[in-house]
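Read-outs throughout are calculated quantities, based only on the coordinates presented, and are distinct from any laboratory measurement. Predicted model only: the values in this text are computed from it and were never measured. Here the Cβ positions follow ideal geometry from the backbone for every residue, glycine too, while neighbour counts run over all protein chains shown.
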Amino acid sequence: MPIDALIARAMADRPDLMAQAAEIRAADDAIRSAKSEYYPKIVLSANAAQTSIWPTVDYGELGNASQPTWSAALTVEWRLFDGGARKNEVAAAKSQRRAAQDELREKRDQTTREVWTAYIAFRTALRKQQAAVALLDSANASYSASLEAYKFGVKNLIDVVTAERQLAQARYSSVSARSQLFLEAVDLEFSTGNLLRPQPPATKTSTPQPQDGQPR
């Protein structure tokens, strides 16, 4: 993927950036809550009950009485003076939001640097892998030619052993370069947050394979 697309993916998918954005939203909620203290509060309450009376025979009354009772109240509360407490709460909430925004900006810059570093490392590893494949092709051709020449008596055994050693070194370089390529690919996927999301890979590690008869 192009570097711009990688950075955009990191900005959208990295958990640390998402968590920081959530802190900013929480700070916005705190600001709205602090500002709401300036508005009047209206409280409506109601109570209902059943009152039952069992009179005594002392007064010559018999039986009982049951009567429902209820009450309702509407309360309006508007704080006119608080010594600057609400103003300080709003200022503190805004300060927390600015701090969260500054931290998000810093994390975005850090994310951009990390993606660029991982991208350059991956591209470098890819070029090394391609060079290692080309070197392995050349070493294998040189060894085959030396072995064929030795069979016809054109070259001696030392030439064949030297070509074989160069082939072994080329094989080791090819394996090492491919391992490094996979490591850099994983690091790039990690820096973009792609390891935690079911998205297509951001990298492509396939390179030209050795010719038939060569180690893969």
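Subtracting the Cα-Cα distance from 0.36 nm times the residue separation, let me have the gained length for V175 to L195 in nm, one decimal.
Extra length available between V175 and L195 comes to 4.8 nm.
Run the simple label-point estimate for R86 and R105 please: 7 Å along Cα→C-beta, distance reported in nm.
3.1 nm
How would the range 58-141 be classified by its alpha-carbon gyration tensor: rounded, prolate or oblate, with rounded meaning a/c under 1.5 and the a/b versus b/c comparison settling the rest?
Cα axes put the range 58-141 in the oblate bin.
Can you give me the Kirkwood hydrodynamic radius for the chain, using every pair of distinct Cα atoms, in Å to one decimal?
Averaging 1/r across every pair of different Cα atoms and inverting gives 25.4 Å.
Give me L17, L167, L157 sorted ascending by neighbouring Cβ count inside 10 Å, so fewest comes first.
Arranged by neighbour count, lowest to highest, L17, L167, L157 become L157, L17, L167.
Once label points are set 7 Å from the Cα along Cα→Cβ at both A12 and T112, what is their separation, rounded to one decimal in nm?
1.9 nm
In whole Hz, with x marking every Gly and Pro, tabulate ³J(HN,Hα) for the range 8-25 from phi via Karplus 6.51 cos²θ - 1.76 cosθ + 1.60, θ = phi - 60°.
Here the 3J(HN,Hα) series is 4, 5, 5, 5, 8, 10, 5, x, 5, 6, 5, 5, 5, 5, 5, 5, 5, 5 Hz.
Tell me which of A145, T51, P15 sits at the most positive position along the dipole axis of the chain, charges placed on C-beta atoms (Lys, Arg +1; Asp, Glu -1).
A145
Any chance you could count the Lys pairs in the chain whose alpha carbons are under 19 Å apart, treating pairs 8 or more apart or on different chains as valid? Before the final figure, lay out each step's value.
Values: K35/K87; K35/K94; K41/K87; K128/K204.
Lysine pairs satisfying the spacing and distance rule in the chain number 4.
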